[in-house]
Amino acid sequence: MDGETPTPAMILVRPQMGENIGAAARAMRNFGLGRMRVVAPREGWPSSRAAATASGAGRVLDAAGHFDDLPAAIGDCHYVLATTARPRGMVKPVLTPERAMADARTMIAAGQRVGVVFGPERAGLENDEIARADAIVSVPVDPEFASLNLAQCVLLMAYEWRRASVAAPPEIAARAQADMAEAIEIERLGDRYETTLEAAGYFFPPDKAEGMKRNMRAMFARLALTRADVQMLHGMLRHMARRGGS
């Protein structure tokens, strides 16, 4: 179980039904996963309906973290995977569940923390949430009926985690050995650039501002930044601010 071997955190964003949270906990328990994080569940937390459905997987719910928003839930993660049926046109790696969990195993074996993010049942993850991920996991389902039940999606990822081998492509193995920045560090970097660029009038015209900000966040996530990279980017911004004020 999770207490013996490090595993990815399964992060449920705005789940609408407690029954689906409980079913997801059961799926995790089936395949040896114990780290659940729940973000702003519609029915509140803790959930009696989730507990009733978990049926034997209550300890997954008992240990689950409760968060108000996604940045807080992924804050300590070095590598974040967003599950979605539609890549949404973002320039990010799009992985199969098999490849995603093989990469996750390599990252975790090297001491990195991995989060797998699942969207709410009705609409899935929003673009701003996907932008914060390092890669997208897309299941090769029938495009005419692409929506998976939340618990089904969790079960699929948990199954692939269980069967994943330790072998991974060279690029993910190299990343796993690096001193990667946590998501909260990248979030703060994005906040700082957004504030500075806003003050400089960069986000123009106004109707394109939100898309520009989202693209900037997606770029930071895509770059696979190390802690040294983040420090350098902060330093560059500080230097430019000093020069601008002189």
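Residues in the stretch 157-175 that are among the hydroxyl-bearing types (S, T, Y) and at pLDDT 65 or above: Y159 alone. Report whether or not A178 is modelled with pLDDT under 95 and more than 25 Å from R29 (Cβ to Cβ). In short, yes.
Check R59, R49, R86, R26 and return the single one that is assigned to a loop (DSSP other than H, G, I, E, B) and among the basic types (K, R).
Of R59, R49, R86, R26, the one residue that is assigned to a loop (DSSP other than H, G, I, E, B) and among the basic types (K, R) is R86.
Residues in the stretch 182-237 that are in contact (Cβ under 8 Å) with a residue 40 or more places away in the chain and among the hydroxyl-bearing types (S, T, Y): Y193, T196, T226.
Among all residues of the stretch 221-234, there is at least one that is small (G, A, S) and surrounded by 15 or more Cβ atoms within 10 Å (Cβ to Cβ).
Apart from one condition, K213 fits all of (1) more than 17 Å from the chain's Cα centre (by Cα); (2) assigned by TED's automatic domain parsing to the domain that holds L95; the exception is (2).
Screening G44 on (1) surrounded by fewer than 18 Cβ atoms within 10 Å (Cβ to Cβ); (2) under 20 Å from M157 (Cα atoms); (3) without any contact (Cβ under 8 Å) to a residue 24 or more places away in the chain shows it passes everything except condition (2). The criterion of at least 1 residues that are in contact with a Gly (Cβ under 6 Å, 6 or more places away or on another chain) and more than 18 Å from R99 (Cβ to Cβ) is met, among helices (runs of 4 or more DSSP H) falling completely within the stretch 134-228, by 183-199, 209-222. When residues in the stretch 94-125 are screened for being in a loop (DSSP other than H, G, I, E, B) and modelled with pLDDT of 90 or more, 8 of them pass.
The values are calculated or read from the model by the stated rules, or taken from the named source; none is laboratory data. None of the values given here were measured: they were computed from a predicted structure. Cβ atoms come from the backbone with ideal geometry, glycine included; neighbour counts cover every protein chain shown.
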